[in-house]
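Computed from the coordinates by the stated procedures, all read-outs in this text should not be read as laboratory data. Values in this document were obtained by computation on a predicted structure and should not be read as measured data. Cβ placement follows ideal geometry from the backbone for every residue including glycine, while neighbour counts extend to all protein chains displayed.
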Amino acid sequence: QVQLVESGGGLVQAGGSLRLSCAASGRTFSIYVMGWFRQAPWKEREFVAAINWSSSSTYYRDSVKGRFTISRDNAKNTVYLQMNNLKPEDTAVYYCAAGRAIVTTHTGYDYWGQGTQVTVSS
């Protein structure tokens with residue numbers, strides 16, 4: 001089992017930045033691919049970014065490329081999502097997840113956090 005706890009969400013104006021953190025506990029964190037997903041009201045949960053165990057491979061949805069950066073610190077059992085130049089359409093609950101491979105579907109991840117709200121005002 002892996003327990004995941006997100007933090008760092010909040011309210012920010014368009015163009016601003018936030019850094020989300022996801023602290024993991026339980027089974028060995030470093031063996032897992034870590035991903036970030038988000039879900040806006042009345043919408044499906046969607047993939048945002050993912051990173052492999054060694055940080056050698058990352059993947060982003062097109063709409064966040066160049067604005068968001070995923071990173072991880074295996075010594076701290078933590079994955080981060082740096083979000084710059086935020087837009088109102090980025091407003092959602094953001095979830096971190098642990099899985100076995102970099103995939104963009106939420107069914108490919110085994111463990112999930114409870115989520116953190118990100119609200120971007122225009």
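Which whole-number percentage describes the relative contact order of segment 1-69, with Cα contacts under 8 Å and a sequence gap of 6 or more?
Values: 82 pairs, mean separation 14.6, N = 69.
For segment 1-69, the relative contact order is 21 percent.
Ignoring aspartates and glutamates fewer than eight residues from Lys43 along the same chain, the ones with Cα atoms less than 19 angstrom from its Cα are Asp62, Glu89, Asp90.
For Ser57 and Thr119, the difference between the fully extended length at 0.36 nm per residue and the C-alpha to C-alpha distance is 19.5 nm.
Taking a straight line from the alpha carbon of Lys76, these lysines sit under 27 Å away, with near neighbours fewer than eight places off in the same chain left out: Lys65. Charge tally for Met34 (other residues, Cβ to Cβ under 12 Å; Lys, Arg +1; Asp, Glu -1): -1. Near Tyr111, the amide H atoms lying under 5 Å from its own belong to Ala98; only residues 5 or more places off or on other chains count, and H is placed 1.01 Å from N. Ranked by the mean number of other Cβ atoms within 10 Å of their residues, highest first, the peptides 29-35, 98-104 come out as 29-35, 98-104. Relative contact order of the chain: 36 percent, from C-alpha pairs under 8 Å at least 6 residues apart in sequence.
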